[in-house]
Amino acid sequence: MQKLLLLGAEAIAQGALDGGMSGIYAYPGTPSTEITEFVQASKEAIERKVHSQWSANEKTAMETALGMSYAGKRTMVCMKHVGLNVAADAFVNAAITGVNGGLLVTVADDPSMHSSQNEQDSRFYGKFAMMPVLEPSNQQEAYEMAYFGFQLSESLKVPVLIRITTRIAHSRAGVERKEVMNENTLVLPDDMRQFVLLPAIARVRYKTLLKSQEAFERSSEDSPYNQFVEGPNKKLGIIACGIAYNYLMEHYPQGCEYTVLKISQYPIPRKQVMELEALCDEIMILEEGYPLVEELLAGYFRKGKTVHGRLDGSLPRDGELNPDLVGKALGFDVSLDEKVADIVANRPPSLCVGCGHRDAYSALNEAMKEHGDGHVFSDIGCYTLGALPPYESINSCVDMGASITMAKGASDAGLRPSVAVIGDSTFAHSGMTGLLDAVVEGTSMTVIISDNETTGMTGGQHSAANGKIEEICKGIGVDPAHIRVVVPHRKNHDEMVQMMKEEFAYEGVSVIIPRRECIQTLARRKRKEAKQKS
Amino acid sequence: MKTDIIISGVGGQGILSISAVIGMAALDNDLHMKQAEVHGMSQRGGDVQSNLRISSEPIYSDLISLKGADLILSVEPMEALRYVPFLSESGWVVTNTTPFKNIDNYPSDEALMDELNSHPHVVLVDADAIAKDCGSARASNIVMLGAAAPFLGMPFEALEAGIRKIFGRKGEQIVDMNLKALRAGKEVAERVVANAQ
Ligand SMILES: Cc1ncc(C[n+]2csc(CCOP(=O)(O)OP(=O)(O)O)c2C)c(N)n1
């Protein structure tokens, strides 16, 4: 078959489609977004009616996928790493219920935080939930792990976590496809109590999960993705996990002189690790992310063979690996000099010219003048750029939804005014429940839902609350007299400032909705309309 | 054969269409290729780059080493300078000269040109003007691609075929205009290389 030129994220989508997937569930988040977008655009997926609509958040996505698995079909749920924090309750318990149809949880980590607020390593979640984890080292492997992953999940009777990182998600290479497998037919679980985690049943299911660990480990030891290659030089044995394997082999295109264990399936393959330990004087561990394998093998007392990696300073403790850092750890003479000419200036990302968030912040800054700095809690989205010059309007960005709840806590502590700024998609994701808390207590605070009618930051996906925001606020119990909508535009500046001042003075929950379509989605829509006309 | 290229510019300038043409040409010539892109946050007017690796042998790393690139191909002059630490000693800088100024502390034209010209192997291309002469300012990316052609280690016909594939749906006229832009860019680079020898 001819090779397709695919991003790692797209390779996973294609692999899942070819592996018989019936539905994909996700909330967007860099670097995972392209997986679902690929399925949404795939002709075959549309013909097969593979579900691919966005979910309101990662938890609803995870649970919906679990429901599809319950009904016997193969399904994937995708998210960025911090999304797994949101989905964690469902995720951890899904290991205990087990699956019926194959269930793959694809999580994209972002070491070096290219577009994230932390660099947490999802392999720990896999270990925590006691699930098998797959970690592709290249695009072809990404394809195959998704393709064969459903079978693995079905044969081990447990969800399988596929962990990727930015570098593989957003890098393209040629990928060879396999024959398309049929989708499963609808079939209920054999044991109708499998998914009922009442304590008495949960205890039994948990013991089953514990007992399965041996089978999971054996599966890792026999996995085609875990490769052991003995080298002539026994001074060092190298364990390279996932994409770190590439940075190792970049220095040994003709084959490595040391013994190498490539790990791309967990739990850690004990047999091969023991073999490596017996064979080599010292051990070097290369992993993209936290030192998970290293911590385990080095041990608290460091009494075994010397282990090198991120903990002993051979590699930096944080940030993404690259060929130079790995080369240096291996003793190669590499350049680490990144100094650029003094005249090269930084270009921080900024809000687009013409963006409605700009007008909302201009008004907010003026309305806030009499109160001073420190009253505005914000959230995650394009509008977070309001933290940077020229606006410098906001004082927090922690996790999706935290603007509203933090503003409530600060108001409870006596801060007046206490203001939240949140986007429409973030509000739908996890702002609504916090607003309910505030309404229940009649907290004195103002929530600005800066509505650009899309999920802007991640490229303009459908926003779940689109067209429903006022109704949702009313339904939650906000006084309709204090739900105010305005078009954020320079010509409405004074009106907006006045509106904010009034609501800041109100002792209760108020909502201001500056609403104007994202100029990026607007431009795209105009281009499409023009194309359809011609 | 092995060519490591860093393509750079500012979010929204469309560097990905350049890598798409090169990537397609590479696959059609049975070469291995890997291309790491930047998506997300930095696309909002920030600096963006793509690591493009082409080789007749299998490629491991998605990222290019410091001092490892054979070519920096930039659609913006200051952005070319940002990646000079990645350039090998014999590598070339091929850049558009039209600045994209969305920050207050953008360097002066003079300082910028001095810095670029201090580099031993540099091809400066007024791609916007050349593209306009060829029929559309929007083809300036393709002019830059043409200017990179002598350094790619691939037959020029492969790039022409890539252009035909990518623009084919838009009609003969657009294809011809882009082919003209591609050739015009190549001529500029060839002249500079000839003078350097
Ligand atoms: C738990 C979690 N999921 C996903 C993301 C990725 N993400 C960051 S901002 C954002 C969308 C924000 O959309 P919206 O609130 O409408 O604001 P806009 O960007 O349109 O201004 C997403 C999906 C994240 N940071 N955290």
Report task. Go through (1) more than 9 Å from chain A (Cβ to nearest Cβ); (2) in contact with a Pro (Cβ under 7 Å, 6 or more places away or on another chain); (3) not polar (S, T, N, Q) and name the single condition B:Leu63 misses. Result -> (1)
Report summary line: Apart from one, (1) open to solvent by 50 Å² or more (accessible area, probe 1.4 Å); (2) at pLDDT 95 or above; (3) among the aliphatic types (A, V, I, L, M) all hold for A:Leu336; the odd one out is (2)
Query raised in the report: Taking A:Ala202, is it in contact (Cβ under 8 Å) with a residue 60 or more places away in the chain and either aromatic (Phe, Trp, Tyr) or closer than 30 Å to A:Ser116 by Cα (or both)?
Result: no
Report task. With respect to A:Gly414, determine if the residue is open to solvent by less than 40 Å² (accessible area, probe 1.4 Å) and either within 28 Å of A:Asn466 (Cβ to Cβ) or more than 13 Å from the ligand (Cβ to nearest atom) (or both). Result -> no
Query raised in the report: Only one of (1) surrounded by 21 or more Cβ atoms within 10 Å (Cβ to Cβ); (2) more than 10 Å from chain A (Cβ to nearest Cβ) fails for B:Leu81. Which number is that?
Result: (2)
Report summary line: B:Glu89: passes all of (1) open to solvent by 50 Å² or more (accessible area, probe 1.4 Å); (2) assigned to a helix (DSSP H, G or I); (3) in contact with a Lys or Arg (Cβ under 8 Å, 6 or more places away or on another chain); (4) within 11 Å of chain A (Cβ to nearest Cβ) but (2)
Report summary line: Quick count over segment A:422-435, residues being more than 10 Å from the ligand (Cβ to nearest atom) and either of a type in the set (A, V, I, L, M, F, W, C) or within 26 Å of A:Ala505 (Cβ to Cβ) (or both), is 3
Requested in this report: Any residue in segment A:367-393 that's among the acidic types (Asp, Glu): show its pairings with residues that are open to solvent by less than 20 Å² (accessible area, probe 1.4 Å) at Cβ separation under 6 Å, as long as the two are six or more apart or on different chains.
Outcome: A:Asp379/A:Ser403; A:Asp379/A:Ile422; A:Asp379/A:Thr426
Requested in this report: Check whether at least one residue in segment A:22-34 is out of contact with any Pro (no Cβ under 7 Å at 6 or more places or on another chain) and in a helix (DSSP H, G or I), and report yes or no.
Outcome: yes
Report summary line: Exactly one of A:Glu277, A:Glu294 is charged (D, E, K, R), crowded, with 23+ Cβ neighbours inside 10 Å and at pLDDT 95 or above, and that one is A:Glu294
Requested in this report: Just give me the residues in segment A:31-49 being buried (at least 24 other Cβ atoms within 10 Å of the Cβ) and β-branched (Val, Ile, Thr), in sequence order.
Outcome: A:Thr33, A:Ile35, A:Thr36, A:Val39
Requested in this report: Just give me the residues in segment A:239-263 being more than 14 Å from every other protein chain (Cβ to nearest Cβ) and closer than 21 Å to A:Thr165 by Cα, in sequence order.
Outcome: A:Ile239, A:Cys241, A:Leu261, A:Ile263
Requested in this report: Scan segment A:65-117 residue by residue and report those that are open to solvent by 30 Å² or more (accessible area, probe 1.4 Å), within 16 Å of the ligand (Cβ to nearest atom) and assigned to a helix (DSSP H, G or I).
Outcome: A:Asn85, A:Val86, A:Asp89
Requested in this report: Test B:Gln13 against the stated conditions and say whether it is more than 9 Å from every other protein chain (Cβ to nearest Cβ), assigned to a loop (DSSP other than H, G, I, E, B) and in contact with a helix residue (DSSP H, G or I) (Cβ under 9 Å, 6 or more places away or on another chain).
Outcome: yes
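Report yes if A:Glu10 is in a helix (DSSP H, G or I), more than 13 Å from the ligand (Cβ to nearest atom), open to solvent by 30 Å² or more (accessible area, probe 1.4 Å) and not hydrophobic (A, V, I, L, M, F, W, C), otherwise no.
yes
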Query raised in the report: Does B:Gly23 satisfy the condition of being touching a residue at least 24 places away in the same chain (Cβ under 8 Å), in a loop (DSSP other than H, G, I, E, B) and either at positive phi or at the interface with chain A (Cβ under 7 Å from one of its Cβ atoms) (or both)?
Result: no
**Report entry** Within segment A:347-404, considering residues that are within 13 Å of the ligand (Cβ to nearest atom) and aromatic (Phe, Trp, Tyr), the one nearest to the other protein chains (Cβ to nearest Cβ)
**Finding:** A:Tyr383
Requested in this report: Mind listing just one residue for me: the one in segment A:440-458 that is assigned to a loop (DSSP other than H, G, I, E, B) and within 9 Å of the ligand (Cβ to nearest atom) and, of those, surrounded by the fewest Cβ atoms within 10 Å (Cβ to Cβ)?
Outcome: A:Glu453
Query - Neighbours by Cβ (under 8 Å, 6+ apart or cross-chain): first from segment A:264-284, free of Cβ contacts under 8 Å to residues at least 40 places away in the same chain; second assigned to a helix (DSSP H, G or I) and surrounded by fewer than 21 Cβ atoms within 10 Å (Cβ to Cβ) - result: A:Val273/A:Leu297
Query raised in the report: Could you say whether any residue in segment A:494-506 is of a type outside the set (Asp, Glu), within 16 Å of the ligand (Cβ to nearest atom) and more than 14 Å from chain B (Cβ to nearest Cβ)?
Result: no
Query - Candidate set from segment A:15-30 (those that are farther than 16 Å from A:Leu152 by Cα and away from chain B (no Cβ under 14 Å)); member that is nearest to the ligand (Cβ to nearest atom) - result: A:Tyr27
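The values are calculated or read from the model by the stated rules, or taken from the named source; none is laboratory data. Note that the structure is predicted; figures quoted are calculated from it, not measured. Glycine gets a Cβ as well: all are built from the backbone with ideal geometry, and neighbour counts include every protein chain shown. Calculation scope for accessible area: heavy atoms of the full protein, side chains included, ligands and nucleic acids excluded. Shrake-Rupley method; radii C 1.70, N 1.55, O 1.52, S 1.80 Å.
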